[in-house]
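Reading through the structure tokens given below for one structure.
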Amino acid sequence: MAEIIRVENVKKIYRMGDNEVKALDGVSLVVEEGEFLIVMGPSGSGKTTLLHLMGCLDKPTEGEIYIAATAVSKLNDSQLAKIRNKMIGFVFQQFNLLPRLTALENVELPMIYAGVPKAVRRKKAKELLELVGLGDRLHHRPTQLSGGQMQRVAIARALANDPMVLLADEPTGNLDSKSGEEILKIFSELNERGQTIVIVTHDPEVAKHGDRIVRMRDGKIVSEEVNVHA
């Protein structure tokens with residue numbers, strides 16, 4: 001399998017006044033094409049920091065991260081933005097939708113930044129919303145949608161530029177259990193279609209959906225297991 005992301009001996013240190021907080025302490029990890037990886041750990045274990053680094057939202061203090069064989073620590077902000085927009089789709093716990101835009105317009109946003117012509121992006125945004133079961137909610141604004149529906153819009157938006165990898169941070173954290181299960185089903189279906197997915201979570205129910213589970217504690221990877229689906 002081709003490597004999508006390689007994390008090599010990465011450390012991330014945050015300085016808070018005179019104190020140093022070691023969020024990651026020598027983490028190495030490979031994400032392969034087509035994989036459904038779960039990164040688990042309690043609050044403060046470093047899992048969200050790792051996700052942000054893999055998504056080029058931040059840079060490591062030491063070590064290197066490769067996205068599609070490109071070392072990212074030497075890239076400038078505009079090069080990183082290009083990688084984020086073209087190669088990586090993000091899904092956050094808080095949805096991060098723009099309240100004044102309709103579902104359709106929210107999904108179109110990444111394609112606007114990528115310079116996709118209006119007719120093409122509108123058609124694709126509609127198809128993506130249909131894919132996540134929201135074909136009848138195209139013109140609804142976030143305030144007119146449930147939490148589960150907002151997260152579906154966020155997933156559709158994350159898929160807009162055909163990312164190599166989908167990174168999700170506690171994507172069911174703000175949802176009731178039924179909506180959460182529906183969102184995880186969408187992720188599983190996307191993975192079956194070949195989409196590479198990494199989900200960060202503390203929830204064992206979420207972890208059941210992945211192929212491989214990496215567990216973190218105190219900024220280190222402490223165990224790794226292959227998930228055998230029943």
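A short reminder: the numbers here are calculations on the coordinates, not readings from a lab. The model shown is predicted, which means the values in this text are computed figures rather than measured ones. Cβ: placed from backbone, ideal geometry, glycine included. Neighbour counts: every protein chain shown.
Here are some notes:
- Some residue of the stretch 212-224 being assigned to a loop (DSSP other than H, G, I, E, B) and surrounded by fewer than 22 Cβ atoms within 10 Å (Cβ to Cβ): yes
- Scope the stretch 25-70; condition in contact with a Gly (Cβ under 8 Å, 6 or more places away or on another chain), under 18 Å from K220 (Cβ atoms) and not hydroxyl-bearing (S, T, Y); matching residues: D25, G26, V27, L37, I38, G46, K47, G63
Okay, residues lined up against (1) farther than 17 Å from L129 by Cα; (2) out of contact with any strand residue (DSSP E or B) (no Cβ under 8 Å at 6 or more places or on another chain); (3) small (G, A, S):
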site	(1), (2), (3)
S73	yes, no, yes
N76	yes, yes, no
N85	yes, yes, no
F90	no, no, no
F95	no, yes, no
L98	no, yes, no
A103	no, yes, yes
L109	no, yes, no
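- Test: I183 is hydrophobic (A, V, I, L, M, F, W, C), over 14 Å from V39 (Cβ atoms) and either under 19 Å from the mean Cα position of the chain (by Cα) or part of a loop (DSSP other than H, G, I, E, B) (or both): yes
- Restricting the stretch 1-43 to residues that are among the acidic types (D, E), touching a residue at least 40 places away in the same chain (Cβ under 8 Å) and not in a strand (DSSP E or B) leaves a set whose member that is nearest to I83 (Cα to Cα) is E33.
- Single residue of A160, A125, A168, A154 found to be crowded, with 21+ Cβ neighbours inside 10 Å and touching a Leu at 6+ places or on another chain (Cβ under 6 Å): A125
- Annotation note: of R121, R100, R137, the sole residue that is closer than 26 Å to R193 by Cβ, charged (D, E, K, R) and assigned to a loop (DSSP other than H, G, I, E, B) is R137.
- Set A168, A160, A156: member being assigned to a strand (DSSP E or B) and either under 28 Å from M1 (Cα atoms) or among the hydrophobic types (A, V, I, L, M, F, W, C) (or both): A168
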